[in-house]
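Student: Please see the structure below; I have some questions.
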């Protein structure tokens, strides 16, 4: 192999890397800014392993979070459902977007109320793109549900009543 051919290949590889980096940077620049950065960090640390980094879910493991949470946040009982789900987990069969899931979501009650509210707000607004009329969840919303302990099966039963009513 000639030195010229080797240099040409190295230059081509470097150029390909630069073009890839430039494309990634351009894509990142087009991405909307995250409204709830603290919630994004908590989501990535606690939720993304099952729900995926973008909240699109993992088949047969965990449902997507790209539509239901935003709809739940628009009603008082839906907001309660969101808080109960992160506090106490969710056990058993559910259907989301016509797909069946039967899993055991762990509880995240070890996290403080402000962190849970920020995480839910990231899911509702940054992943789910809730309407501007939907108000963010607060630490007080989480604290109100924390004061009424449940188990994951009870959370699923509450969800049955809320899911059809979600706007």
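The values are calculated or read from the model by the stated rules, or taken from the named source; none is laboratory data. Quick caveat, the model's predicted, so the values are computed rather than measured. Because the Cβ atoms are built from the backbone with ideal geometry, glycine has one as well, and the counts that use them run over all protein chains shown.
Student: Quick check on this structure: which one of 153, 130, 143, 147 is touching a helix residue (DSSP H, G or I) at 6+ places or on another chain (Cβ under 9 Å), over 13 Å from residue 82 (Cα atoms) and assigned by TED's automatic domain parsing to the domain that holds residue 54?
Tutor: On the way: 153 fails: touching a helix residue (DSSP H, G or I) at 6+ places or on another chain (Cβ under 9 Å); 143 fails: over 13 Å from residue 82 (Cα atoms); 147 fails: touching a helix residue (DSSP H, G or I) at 6+ places or on another chain (Cβ under 9 Å).
Residue meeting the stated conditions: 130.
Student: Please verify whether residue 70 is buried (at least 21 other Cβ atoms within 10 Å of the Cβ) and either outside the structural domain of residue 152 (by TED's automatic domain parsing) or farther than 21 Å from residue 153 by Cα (or both), treating the condition exactly as stated.
Tutor: Against the criterion (buried (at least 21 other Cβ atoms within 10 Å of the Cβ) and either outside the structural domain of residue 152 (by TED's automatic domain parsing) or farther than 21 Å from residue 153 by Cα (or both)), residue 70 qualifies.
Student: Do we have residue 18 as assigned by TED's automatic domain parsing to the domain that holds residue 124, farther than 30 Å from residue 133 by Cβ and either surrounded by 14 or more Cβ atoms within 10 Å (Cβ to Cβ) or at pLDDT below 50 (or both) here?
Tutor: So residue 18 fails the test.
Student: Moving to a separate point now. For the range 33-47, does any single residue satisfy the condition of being exposed (fewer than 10 other Cβ atoms within 10 Å of the Cβ) and at pLDDT below 85?
Tutor: Looking through the range 33-47, none of the residues is exposed (fewer than 10 other Cβ atoms within 10 Å of the Cβ) and at pLDDT below 85.
Student: (1) within 14 Å of residue 46 (Cβ to Cβ); (2) touching a residue at least 24 places away in the same chain (Cβ under 8 Å); (3) surrounded by fewer than 16 Cβ atoms within 10 Å (Cβ to Cβ): which one isn't true of residue 110, the others all being true?
Tutor: (2)
Student: Filter the range 139-157 down to residues that are outside any helix (DSSP H, G or I) and within 25 Å of residue 48 (Cβ to Cβ) and give me whichever is modelled with the highest pLDDT.
Tutor: The extreme case among them is 150.
Student: Of the numbered conditions (1) more than 14 Å from the chain's Cα centre (by Cα); (2) farther than 15 Å from residue 155 by Cα; (3) modelled with pLDDT under 95, residue 91 fails exactly one; give the number of that condition.
Tutor: Unmet for residue 91, out of (1) more than 14 Å from the chain's Cα centre (by Cα); (2) farther than 15 Å from residue 155 by Cα; (3) modelled with pLDDT under 95: (2).
Student: Out of all the residues in the range 115-132, which are under 16 Å from the mean Cα position of the chain (by Cα) and surrounded by fewer than 16 Cβ atoms within 10 Å (Cβ to Cβ)?
Tutor: From the range 115-132, those under 16 Å from the mean Cα position of the chain (by Cα) are 115-130; that's our starting set.
129 - this is the single residue of the range 115-132 that is under 16 Å from the mean Cα position of the chain (by Cα) and surrounded by fewer than 16 Cβ atoms within 10 Å (Cβ to Cβ).
Student: Something else now. Which condition from (1) part of a helix (DSSP H, G or I); (2) within 22 Å of residue 93 (Cα to Cα); (3) in contact (Cβ under 8 Å) with a residue 12 or more places away in the chain is the one that residue 160 breaks?
Tutor: All conditions are met except number (3).
Student: Could you check, for the range 50-66, whether at least one of its residues is under 17 Å from the mean Cα position of the chain (by Cα), within 15 Å of residue 159 (Cα to Cα), surrounded by 12 or more Cβ atoms within 10 Å (Cβ to Cβ) and at pLDDT 85 or above? Give the steps one after another, and end with the answer.
Tutor: Taking the range 50-66 first, the residues under 17 Å from the mean Cα position of the chain (by Cα) are 50-66.
Checking which are within 15 Å of residue 159 (Cα to Cα) leaves us with 63, 65.
Now drop any that are not surrounded by 12 or more Cβ atoms within 10 Å (Cβ to Cβ), which leaves 63, 65.
Now narrow it down to the ones that are at pLDDT 85 or above: 63, 65.
Among the residues of the range 50-66, at least one is under 17 Å from the mean Cα position of the chain (by Cα), within 15 Å of residue 159 (Cα to Cα), surrounded by 12 or more Cβ atoms within 10 Å (Cβ to Cβ) and at pLDDT 85 or above, which makes the answer yes.
Student: Restricting the first residue to the range 75-90 and requiring it to be farther than 13 Å from residue 117 by Cα, which pairs with a second residue that is not in a helix (DSSP H, G or I) meet a Cβ separation below 6 Å and a spacing of at least six or different chains?
Tutor: Here the result reads 78/166; 88/107; 88/150; 89/105; 89/106; 89/107; 90/105, each pair linking the range 75-90 to a residue that is not in a helix (DSSP H, G or I).
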